[in-house]
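Peer 1: I am attaching a structure below and will ask some questions about it afterwards.
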Amino acid sequence: MNILLSDERWVPSDSPRSNTALLRNRLLVGPVEAASYVPLYADYATPEDAMEPLSHQLKACLPLSVLLLGMGADMHTASLFPGGDQLSFALGDSAPPLVAMRAPDAPEPRVTLSAAVLNAAQYKHLVIFGAEKRQALEQAQSLPAQEAPIMAVLAGTTVHWAD
């Protein structure tokens, strides 16, 4: 079994900003510790420098069986941010599996699975908490994916919401 993130901040895995660190400490424990973790970070100066080796590892995991996404109040998912410098590219049908992304309010570059990879998952789930995100999801449904990137992957996705 392979486990990977849908996106990652371009910081070392021992950084407090690393999603990998959170995943290793919270999910990859007990019986799940035996799973193979496929990182979306490598020790390169920029994410663009690492696209080839990271994409090579990733391709062996595709298509995804189960995808679990969250959504920000700004209607982003993975690192598909409104205003992201590579958003149009990452949303396109011909995008590679992994895309480097910089977003206006994100302090560091990111890498993200493209919309095509996210949409190819056999089972897609979106988990959101709170009234603010529920309202954002409702608002997103009347906006194009460029303004509300969650819309690029919402079709066929099971939404789980809790207060």
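Peer 1: Output the residues belonging to region 43-56 that are loosely packed, with under 15 Cβ neighbours inside 10 Å and not polar (S, T, N, Q).
Peer 2: Asp43, Tyr44, Ala45, Glu48, Asp49, Glu52, Pro53, His56
Peer 1: Consider Leu98 against the criteria (1) surrounded by 16 or more Cβ atoms within 10 Å (Cβ to Cβ); (2) in contact (Cβ under 8 Å) with a residue 60 or more places away in the chain; (3) within 18 Å of Arg9 (Cα to Cα): it satisfies all of them except one. Which criterion is unmet?
Peer 2: The single condition Leu98 does not satisfy is (2).
Peer 1: Starting from residues that are buried (at least 16 other Cβ atoms within 10 Å of the Cβ) and not β-branched (Val, Ile, Thr), keep the ones in region 1-12 and report whichever is farthest from the chain's Cα centre (by Cα). I'd like the intermediate steps shown before the answer.
Peer 2: Filtering region 1-12 for residues buried (at least 16 other Cβ atoms within 10 Å of the Cβ) gives 4-11.
If we keep only those that are not β-branched (Val, Ile, Thr) too, we end up with 4-10.
Working: Leu4: 10, Leu5: 6, Ser6: 3, Asp7: 4, Glu8: 7, Arg9: 10, Trp10: 13 Å.
Step by step, filter region 1-12, then rank; the result is Trp10.
Peer 1: State all residues of region 120-142 that are touching a residue at least 24 places away in the same chain (Cβ under 8 Å), more than 19 Å from Val38 (Cβ to Cβ) and not in a strand (DSSP E or B); if no residue qualifies, say none.
Peer 2: Residues satisfying the conditions are Gly130, Ala131, Glu132, Lys133, Arg134, Ala136, Leu137, Gln139, Ala140.
Peer 1: Looking at (1) within 24 Å of Trp10 (Cα to Cα); (2) in contact with a helix residue (DSSP H, G or I) (Cβ under 7 Å, 6 or more places away or on another chain); (3) of a type in the set (Asp, Glu), which one does Asp105 not meet, given that it meets all the others?
Peer 2: (2)
Peer 1: Looking only at region 7-43, which residues are outside any loop (DSSP other than H, G, I, E, B) and under 15 Å from Pro107 (Cβ atoms)? Spell out how you get there, then give the answer.
Peer 2: Our first condition is that a residue be outside any loop (DSSP other than H, G, I, E, B); within region 7-43, this holds for 7-9, 19-26, 30-34, 36-37.
If the condition is that a residue be outside any loop (DSSP other than H, G, I, E, B) and under 15 Å from Pro107 (Cβ atoms), then Asp7, Glu8, Arg9, Asn19 are the ones that fit.
Peer 1: I need the full set of residues from region 44-59 which are polar (S, T, N, Q) and outside any loop (DSSP other than H, G, I, E, B), in order please. Don't jump to the end; show me each part of the working.
Peer 2: First, pick out the residues of region 44-59 that are polar (S, T, N, Q): 46, 55, 57.
Answer for region 44-59, where residues must be polar (S, T, N, Q) and outside any loop (DSSP other than H, G, I, E, B): Ser55, Gln57.
Peer 1: Of all residues in region 106-134, which are farther than 30 Å from Ala45 by Cβ and either among the β-branched types (Val, Ile, Thr) or surrounded by fewer than 12 Cβ atoms within 10 Å (Cβ to Cβ) (or both)?
Peer 2: Residues satisfying the conditions are Gln122, Val127, Ile128, Ala131, Glu132.
Peer 1: Further question on the same structure: Is there a residue being in a loop (DSSP other than H, G, I, E, B) and either within 30 Å of Asp163 (Cα to Cα) or β-branched (Val, Ile, Thr) (or both) anywhere in region 91-103?
Peer 2: Start the filter on region 91-103 by keeping residues that are in a loop (DSSP other than H, G, I, E, B), which leaves 92-97, 102-103.
Okay, now just the ones that are also either within 30 Å of Asp163 (Cα to Cα) or β-branched (Val, Ile, Thr) (or both), so 103.
There is at least one residue in region 91-103 that is in a loop (DSSP other than H, G, I, E, B) and either within 30 Å of Asp163 (Cα to Cα) or β-branched (Val, Ile, Thr) (or both).
Peer 1: Separate question: Does region 29-47 contain any residue that is in contact (Cβ under 8 Å) with a residue 40 or more places away in the chain and in contact with a Lys or Arg (Cβ under 6 Å, 6 or more places away or on another chain)? If you could, list the steps in order and put the result at the bottom.
Peer 2: Residues of region 29-47 that are in contact (Cβ under 8 Å) with a residue 40 or more places away in the chain, as a first pass: 40-41, 46-47.
Subsequent filtering for residues that are in contact with a Lys or Arg (Cβ under 6 Å, 6 or more places away or on another chain) retains none.
Checking region 29-47: not a single residue is in contact (Cβ under 8 Å) with a residue 40 or more places away in the chain and in contact with a Lys or Arg (Cβ under 6 Å, 6 or more places away or on another chain).
Peer 1: Quick one: in region 60-81, which of the residues that are part of a strand (DSSP E or B) and either small (Gly, Ala, Ser) or closer than 14 Å to Val159 by Cα (or both) is farthest from the chain's Cα centre (by Cα)? Break it down stepwise before answering.
Peer 2: Taking region 60-81 first, the residues part of a strand (DSSP E or B) are 66-69, 77, 80.
Applying the additional criterion that residues be either small (Gly, Ala, Ser) or closer than 14 Å to Val159 by Cα (or both) yields 66-69, 77.
Working: Val66: 13, Leu67: 9, Leu68: 9, Leu69: 7, Thr77: 6 Å.
That would be Val66.
Coordinate-derived values only; no laboratory data. Predicted model only: the values in this text are computed from it and were never measured. A quick note on method: Cβ atoms are made from the backbone with ideal geometry, for glycine too, and the neighbour counts reach across all protein chains shown.
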